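Reading through the structure tokens given below for one structure.
The values are calculated or read from the model by the stated rules, or taken from the named source; none is laboratory data. Being a predicted model, the structure only gives us computed values, none of them experimental. We place every Cβ from the backbone using ideal geometry, glycine too, and count neighbours over all the protein chains shown. Note: areas computed on protein heavy atoms with side chains; ligands, DNA, RNA excluded. Shrake-Rupley method; radii C 1.70, N 1.55, O 1.52, S 1.80 Å.
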Amino acid sequence: MTVVQEAMPRMVSRVIPVDPFDLVIFGGTGDLARRKILPGLFRRYCAGQMPPTSRIIGAARTDLDVAGYRQMVAEAITEFSDPTPPTDKLDAFLAQVCYVAIDAKGESGWAELQQLTEGADRVEAYYFSVAPTLFGDLAERLQLWGMAGDEARIVVEKPFGRDLATAKALNGTLAKYFNEKQIYRIDHYLGKETVQNLMAVRFGNMLFEPLWNAQYVDHIQITVAETVGVGGRGEYYDKSGAMRDMVQNHLMQLLCLIAMEPPARFDPDAVRDEKLKVIRALDPVLPHHIMRGQYAAEIGNEVQQPSYREAVGDPRSKTESFIALKTHISNWRWAGTPFYMRTGKRMSARSSEITVVFKETPHSIFGEEAGKHRNVLSIRLQPNEGITLGVTIKEPGPGGMRLIDVPLDMSFAEALGGDIEQVDAYERLIMDVIRGNQTLFMRGDEVEAAWAWTDPIIHGWEARGEVPKPYDSGSDGTTDSHELMRRDGRKWREVKP
Ligand code: NAP
């Protein structure tokens with residue numbers, strides 16, 4: 001049953017150009033810049049959001065001239081965004097791109113960068129798309145060279161620390177040179193359309209909010225499943241694992257948005273204050289409420305896929321590529337409602353979904369034979385962003401009053417007539433940096449609170465010497481993660497593409 005098609009007018013997204021800017025991308029030759037940042041900027045340019053006087057300044061150690069860097073940017077765009085970009089658009093965009101060879105840890109290149117950006121009357125943004133070990137060096141040099149004025153903004157990538165102590169140290173270092181209003185900590189999950197829609201659905205409709213509490217909600221599930229393994233990132237990933245790489249940031253942010261109180265206004269600090277309260281109200285996780293796994297080798301296909309331990313090159317690795325856990329939020333709204341979260345690599349499908357499972361009706365007028373039914377609201381982040389509400393209706397036909405559950409499906413792309421422009425999370429977030437809107441960026445205290453919750457969980461399994469259990473590639477995780485649900489009389493949603 002599709003409800004929206006006729007009712008919804010066709011819509012064309014409005015593009016509001018941002019103010020002219022200089023965006024310096026430290027790490028401008030790296031993987032993230034080539035795959036996401038530069039192609040994203042090109043798409044914003046094509047959409048008319050990037051003023052023609054803006055400049056993108058790549059900065060890295062590699063010795064390139066401007067023509068060489070433009071060539072690299074063009075290749076990144078054709079490889080990761082559009083294999084055949086319109087030549088006139090591409091040329092015009094590249095004319096706004098330049099490059100400075102610079103060393104974050106040394107002195108070379110800084111005078112040139114200063115000269116390039118000096119006196120420009122425009123928004124100045126510095127994207128730290130480099131290893132976090134360089135964040136402090138970059139911040140210090142930006143200040144030394146007079147580029148850390150009150151209006152300058154820095155964008156920092158994850159991982160933001162690997163525990164509370166390192167996150168605090170990093171916050172402390174950045175705070176020496178920039179104030180909190182200048183620091184944009186990226187969690188690209190927050191840039192996804194549906195994540196923002198989650199707030200619109202919750203706080204823009206009368207329908208959901210009155211039911212959004214422990215009285216009516218049985219439980220909430222958050223699943224972020226990937227089909228890929230660790231790939232070439234094995235060495236990095238093995239030092240991190242699913243808890244640090246996914247739960248502490250992405251899943252925690254989703255949990256905050258689903259559980260937070262309505263902020264008084266949709267402004268950065270009002271929203272982030274409410275998210276912070278959720279993190280601080282999270283219960284510690286009991287050892288038997290957390291399950292960790294490592295994917296096994298996949299045999300049988302033409303190309304044999306290595307196991308997690310083979311992929312990271314450590315036959316004794318204790319790092320998890322899958323995690324499932326149950327937690328509670330100790331506040332009036334949520335007391336007694338469990339939140340289940342799971343994430344993993346090499347799972348059966350690529351899918352990110354938040355599911356709100358409502359309680360059964362207190363009494364069924366249809367008798368026992370009608371069975372038990374409950375509403376399920378599922379919010380899909382990827383693929384095919386959209387929202388589905390499962391409702392109970394009468395089974396059509398002459399068979400008497402038999403009940404079935406059907407989805408009221410709202411695929412955003414379909415509902416909005418297909419004219420809506422798909423904007424990648426990075427594109428949206430970079431435009432927000434230029435606009436000076438921090439709503440979708442993590443504040444320093446949020447990051448620290450998230451680590452303060454995560455640290456004892458990690459220390460717990462380290463102290464107990466726990467080893468993750470193997471799970472089949474292409475499955476939905478470890479057997480005991482299903483047991484976690486079964487014990488509570490519940491089950492995970494199927495991971496569907
Ligand atoms: P990468 O491919 O290794 O690129 C690192 C960049 O840093 C290169 O451009 C490198 O260029 C530059 N660099 C290294 N040392 C430098 C120095 N001393 N001075 C100036 N530039 C230096 O890494 P990445 O994958 O792009 O990741 C960048 C950041 O984004 C990391 O913090 C990572 O955790 C984060 N991140 C990446 C992804 C992703 O999908 N790649 C996703 C989320 C977060 P030169 O060698 O030319 O100097």
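Are any residues in segment 23-43 open to solvent by less than 10 Å² (accessible area, probe 1.4 Å) and in a helix (DSSP H, G or I), and if so, which ones? Answer for segment 23-43, where residues must be open to solvent by less than 10 Å² (accessible area, probe 1.4 Å) and in a helix (DSSP H, G or I): Ala33, Ile37, Leu38, Pro39, Gly40, Leu41, Phe42. For segment 272-313, filtering for residues that are under 24 Å from the mean Cα position of the chain (by Cα), open to solvent by 50 Å² or more (accessible area, probe 1.4 Å) and in contact (Cβ under 8 Å) with a residue 60 or more places away in the chain leaves 2. Can you say whether Phe178 is over 12 Å from the mean Cα position of the chain (by Cα), open to solvent by less than 10 Å² (accessible area, probe 1.4 Å) and either away from the ligand (no atom under 16 Å from the Cβ) or modelled with pLDDT under 95 (or both), as far as the supplied structure shows? So Phe178 fits the description; yes. Among helices (runs of 4 or more DSSP H) entirely within segment 212-293, having at least 1 residues that are farther than 30 Å from Gly436 by Cα and charged (D, E, K, R) singles out 234-238. Checked against the criterion of being at pLDDT 95 or above, among the hydrophobic types (A, V, I, L, M, F, W, C) and not assigned by TED's automatic domain parsing to the domain that holds Glu427, the candidates Ala47, Ala67 yield just one match: Ala67. Among residues of segment 320-345 being charged (D, E, K, R) and farther than 12 Å from Thr478 by Cα, the one that is surrounded by the most Cβ atoms within 10 Å (Cβ to Cβ) is Lys326.
The single condition among (1) buried (at least 18 other Cβ atoms within 10 Å of the Cβ); (2) outside any loop (DSSP other than H, G, I, E, B) that Ala111 does not meet is (1).
Assess whether Gly119 counts as being part of a loop (DSSP other than H, G, I, E, B), open to solvent by 30 Å² or more (accessible area, probe 1.4 Å) and out of contact with any Leu (no Cβ under 7 Å at 6 or more places or on another chain). Yes, satisfied. Of the residues making up segment 78-108, those that are in contact with a helix residue (DSSP H, G or I) (Cβ under 8 Å, 6 or more places away or on another chain) and loosely packed, with under 15 Cβ neighbours inside 10 Å are Glu79, Thr84, Pro86, Lys89, Ala92, Lys105.
Kindly evaluate Ala59 against the criterion of being under 29 Å from the mean Cα position of the chain (by Cα), within 16 Å of the ligand (Cβ to nearest atom) and either free of Cβ contacts under 8 Å to residues at least 60 places away in the same chain or open to solvent by 60 Å² or more (accessible area, probe 1.4 Å) (or both). It is true that Ala59 is under 29 Å from the mean Cα position of the chain (by Cα), within 16 Å of the ligand (Cβ to nearest atom) and either free of Cβ contacts under 8 Å to residues at least 60 places away in the same chain or open to solvent by 60 Å² or more (accessible area, probe 1.4 Å) (or both).
Scanning segment 101-127 for residues that are aliphatic (A, V, I, L, M) and more than 9 Å from the ligand (Cβ to nearest atom) turns up Ala111, Leu113, Leu116, Ala120, Val123, Ala125.
When you scan segment 181-198, do you find a residue that is outside any loop (DSSP other than H, G, I, E, B), more than 16 Å from the ligand (Cβ to nearest atom) and touching an Asp or Glu at 6+ places or on another chain (Cβ under 6 Å), even just one? The answer is yes, given that some residue of segment 181-198 is outside any loop (DSSP other than H, G, I, E, B), more than 16 Å from the ligand (Cβ to nearest atom) and touching an Asp or Glu at 6+ places or on another chain (Cβ under 6 Å).
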